[in-house]
Every structure is written in structure tokens, then in C-alpha cells.
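Q: Structure incoming, see below.
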Amino acid sequence: MPEEVNVLILGSGPAGYTAAIYAARAGLKPVMYQGGQPGGQLTITNDVENYPGYPEGVMGPDMMVDFQKQAERFGTDNRYGLATSVDFSSYPLQVTIDEKHQIIAKTVIISTGASAQWLGLPSETRLNGKGVSACAVCDGFFFKGQEVVVVGGGDTAAEEATYLAKLCSKVYLLVRRDEMRASNIMQQRVMKTPNLEVLWNTETDEILGEDEVEAVRVVNNKTGEKREIAVGGFFVAIGHKPNTDIFKKSLNLDENGYIKTTPGSTLTGVEGVFASGDAQDHIYRQAVTAAGTGCMAALDAERFLSAKDFEVT
């Protein structure tokens with residue numbers, strides 16, 4: 001027999017946990033499935049210093065433990081598991097967990113997040129959080145006054161590089177072609193930033209350092225020439241991929257896979273389905289903004305259930 005749920009939350013980052021806190025306090029008995037990366041991207045983030053309420057900063061995994069405890073304190077049913085398929089073609093909503101457990105949900109809050117795209121180097125994985133980052137806004141402060149590398153040629157890379165140039169003594173932007181994909185205005189900003197140097201036709205060969213980033217070995221893909229650049233930080237800015245593949249046939253997604261929501265709300269256009277966090281936000285992608293949309297999703301779900309005059313089971 002399928003399990004019936006009032007509020008089903010998919011994903012357990014700041015958006016999911018905040019939605020769970022609000023839904024639980026409203027007496028909606030939310031059920032949360034943590035997904036493939038319990039705690040989301042913050043579980044691979046060492047120091048978080050830009051989230052309100054943590055004046056001394058906090059380790060990302062510890063922060064997510066705090067979120068989880070708060071959600072569970074109000075009665076959230078927090079479970080391990082991954083949504084593997086959905087059927088939103090009729091109401092109530094149907095979700096399959098781990099390809100076997102069937103759930104019938106009155107509302108679904110999607111907070112599956114997005115994943116940074118990486119180069120795939122072993123040293124990149126080994127030094128992640130030790131000088132390697134995919135978020136300049138999150139981690140740039142730790143490299144104040146240092147020299148850093150940014151990898152990428154699109155708008156994201158241009159934005160990250162110009163942001164870091166305000167904090168760092170020197171920024172190297174590695175672009176693997178002889179031109180950037182970034183918009184003209186962003187390219188102009190890059191070129192006008194005096195402490196930002198673009199290395200064209202350049203790719204990362206290896207990130208060097210034992211316990212932290214000490215240098216980057218790069219290779220010119222035209223000449224084959226290699227060189228080492230002494231830096232303290234290595235920022236990958238080649239894009240993010242929203243974790244929304246299972247919703248392709250059910251929801252309206254933009255060209256990059258982000259869930260489209262009605263402006264000023266978390267409504268997806270499908271009755272009873274709400275989207276929050278990085279699964280629907282390709283602009284800000286911060287823990288605090290994700291938490292904000294998680295709150296919005298819970299409130300939208302509560303109002304939906306009240307309008308339907310459903311009895312909470």
C-alpha cells in the first residue's frame with residue numbers, strides 16, 4: 001500500500017530543512033527524504049562565515065546538523081532515501097523513493113539543489129575545501145590579499161574573477177579557448193580590471209599542494225607549454241547543474257534545467273508542487289537565499305492545503 005503524506009520534502013539542504021521547520025511548526029507532519037547528498041553542498045564546505053546567527057562562523061556539516069536537529073525538534077520525519085521517479089499528471093501526487101517505496105502526497109516541496117560542475121582532477125577532489133572552491137562569494141574572503149586562479153570562460157567565471165579581484169592581490173583567469181563565452185559587458189569588466197590576467201588557450205594540468213593549494217600547473221593547449229603559478233586558491237567556475245532530471249517530464253524547466261516558478265512565489269504551475277533553493281535559483285545560489293525560499297515553499301504549501309480544506313492525517 002502506498003504511504004499517504006501531507007507534505008513531502010525532497011532534499012535536505014538549507015531550503016529543505018527550512019521548509020521542514022515551517023511545515024512541522026504548522027502541524028503538517030512533513031516527511032523529508034534527504035536525497036543523494038544529505039545536507040546538500042554545505043556538507044563539502046568547511047567554513048561558513050556569511051550565514052546570520054553564526055558570529056564566529058561554522059563548519060558547513062555542523063551547520064546542517066543544526067538545521068536537521070531543529071527540523072526534527074518540531075516533528076519532521078527525516079529519512080534517508082532518494083526520489084527516483086515522480087508522477088504529477090494527476091492529483092494527489094505520486095513519488096517513488098529508491099525505486100520501490102510509493103508515496104501519495106498532498107503537497108511536494110522540491111529542494112533537490114544543484115551540483116557544481118568540476119574538472120574531474122584527483123587533486124581537485126583531494127583539496128576541495130582546502131583552497132579549492134566552486135563559490136567565490138562563499139569563500140573569497142579567506143583569500144584576501146592572496147593570488148588565486150579562476151577556471152572558466154562564461155559569465156559565471158567572469159563574475160567570480162571580478163569579484164575576487166576586489167579581495168585578492170592577483171587573479172588569473174584560465175580560459176581554454178582564444179575567446180570567452182561571457183557576455184560582452186562581462187568581458188569588458190574582466191579586461192578593465194587591472195589585477196586580473198586572462199590566460200588564453202590554457203587548461204589546468206594539476207593542482208599542487210599536500211594539505212592546501214600551493215600552486216597550479218597549467219598547460220597551453222596550443223603549444224603544449226606547461227608552467228606553474230603559485231596561488232593560494234583555485235576556483236572552478238564552469239557552471240552548476242540543477243538536480244532536476246526526474247522532473248523533466250512533469251514540470252516546466254528552463255534551458256539549463258532549473259525549475260520555473262511563478263515570480264514572488266514557489267509555485268511551479270503544477271497543483272500542489274512547490275520548488276525552492278538552488279533547484280530553481282540560478283542567480284544567487286546562497287544558503288541564506290535557499291533557506292528563504294524554503295520558508296516560502298512551506299507557507300505556500302500550507303496555504304494550498306488550507307484552501308483545499310484538507311484534513312491533516
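The values are calculated or read from the model by the stated rules, or taken from the named source; none is laboratory data. Nothing here was measured: the structure is a model prediction, and the numbers come from that model. Cβ placement follows ideal geometry from the backbone for every residue including glycine, while neighbour counts extend to all protein chains displayed.
Q: Hey, does region 279-291 have a residue that's touching a residue at least 12 places away in the same chain (Cβ under 8 Å), among the small types (Gly, Ala, Ser), in contact with an Asp or Glu (Cβ under 7 Å, 6 or more places away or on another chain) and not assigned by TED's automatic domain parsing to the domain that holds residue 159?
A: Yes, the conditions are met somewhere in region 279-291.
Q: Among the listed residues 215, 275, 230, 301, identify the single one that is touching a Leu at 6+ places or on another chain (Cβ under 8 Å), modelled with pLDDT of 95 or more and farther than 28 Å from residue 64 by Cα. It would help to see each step written out before you state the result.
A: On the way: 275 fails: farther than 28 Å from residue 64 by Cα; 230 fails: touching a Leu at 6+ places or on another chain (Cβ under 8 Å); 301 fails: farther than 28 Å from residue 64 by Cα.
Just one listed residue meets the conditions, 215.
Residue-by-condition table, conditions (1) under 27 Å from residue 141 (Cβ atoms); (2) outside any loop (DSSP other than H, G, I, E, B):
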| site | (1), (2) |
| --- | --- |
| 250 | no, no |
| 264 | no, no |
| 269 | no, no |
| 290 | yes, yes |
| 300 | no, yes |
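Q: Another question about this same structure. Are there any pairs with C-beta distances below 8 angstrom linking a residue in region 148-169 that is assigned by TED's automatic domain parsing to the domain that holds residue 182 and charged (D, E, K, R) to a residue that is in a strand (DSSP E or B) and modelled with pLDDT of 95 or more, with the two at least 6 apart or on different chains, and if so which?
A: Between residues of region 148-169 that are assigned by TED's automatic domain parsing to the domain that holds residue 182 and charged (D, E, K, R) and residues that are in a strand (DSSP E or B) and modelled with pLDDT of 95 or more, the close pairs are 160/150; 160/235.
Q: Within region 106-119, identify whether any single residue is polar (S, T, N, Q), part of a strand (DSSP E or B) and at pLDDT below 95, and answer yes or no. Break it down into steps so the answer makes sense when it comes.
A: Narrowing region 106-119 to residues polar (S, T, N, Q): 107, 111-112, 115, 117.
Now narrow it down to the ones that are part of a strand (DSSP E or B): 107, 115.
If we keep only those that are at pLDDT below 95 as well, we get 115.
Yes; the residues of region 106-119 include at least one that is polar (S, T, N, Q), part of a strand (DSSP E or B) and at pLDDT below 95.
Q: Hey, can you tell me all the residues within region 120-138 that are more than 14 Å from residue 171 (Cβ to Cβ) and assigned to a helix (DSSP H, G or I)?
A: 122, 123, 124, 125, 126, 137, 138 - these are the residues of region 120-138 that are more than 14 Å from residue 171 (Cβ to Cβ) and assigned to a helix (DSSP H, G or I).
Q: Cβ-Cβ under 6 Å, sequence separation 6+ or interchain: first residue in region 77-93 and charged (D, E, K, R), partner surrounded by 17 or more Cβ atoms within 10 Å (Cβ to Cβ). Which pairs?
A: 77/31; 79/33; 87/94
Q: Any chance you could count how many residues in region 219-229 are in contact with a strand residue (DSSP E or B) (Cβ under 8 Å, 6 or more places away or on another chain) and assigned to a loop (DSSP other than H, G, I, E, B)?
A: Of the residues in that region, 2 qualify.
Q: Then there is this: Specify the residue that is farthest from residue 124 (Cα to Cα); the eligible residues are those in region 222-250 that are touching a Ser or Thr at 6+ places or on another chain (Cβ under 7 Å) and among the polar types (S, T, N, Q).
A: Checking each candidate, the answer is 244.
Q: May I ask you to list pairs of residues, at least six apart or on different chains, whose Cβ atoms are under 6 Å apart, with the first in region 239-258 being within 18 Å of residue 36 (Cβ to Cβ) and the second being among the β-branched types (Val, Ile, Thr) and surrounded by 13 or more Cβ atoms within 10 Å (Cβ to Cβ)?
A: That search, which allows pairs on different chains as well, returns 243/112; 244/259; 246/86; 257/244.
Q: Could you give me the residue pairs with C-beta distances under 9 Å whose first residue belongs to region 12-29 and is within 13 Å of residue 70 (Cβ to Cβ), whose second residue is of a type in the set (S, T, N, Q) and modelled with pLDDT under 95 wherever it lies, and which are 6+ apart or on separate chains?
A: 12/34; 12/37; 14/286; 16/34; 20/12
Q: Regarding region 154-161, can at least one residue be identified that is touching a Phe, Trp or Tyr at 6+ places or on another chain (Cβ under 7 Å) and surrounded by 18 or more Cβ atoms within 10 Å (Cβ to Cβ)? Please lay out each step first, then the result.
A: Filtering region 154-161 for residues touching a Phe, Trp or Tyr at 6+ places or on another chain (Cβ under 7 Å) gives 160.
Next cut, surrounded by 18 or more Cβ atoms within 10 Å (Cβ to Cβ) only: 160.
Yes.
Q: What strands (runs of 3 or more DSSP E) lie completely within region 13-97 and have 3 or more residues being touching a His at 6+ places or on another chain (Cβ under 7 Å)?
A: none
Q: Could you tell me which of the residues 259, 246 is of a type in the set (Val, Ile, Thr), surrounded by 19 or more Cβ atoms within 10 Å (Cβ to Cβ) and more than 25 Å from residue 47 (Cβ to Cβ)?
A: 259
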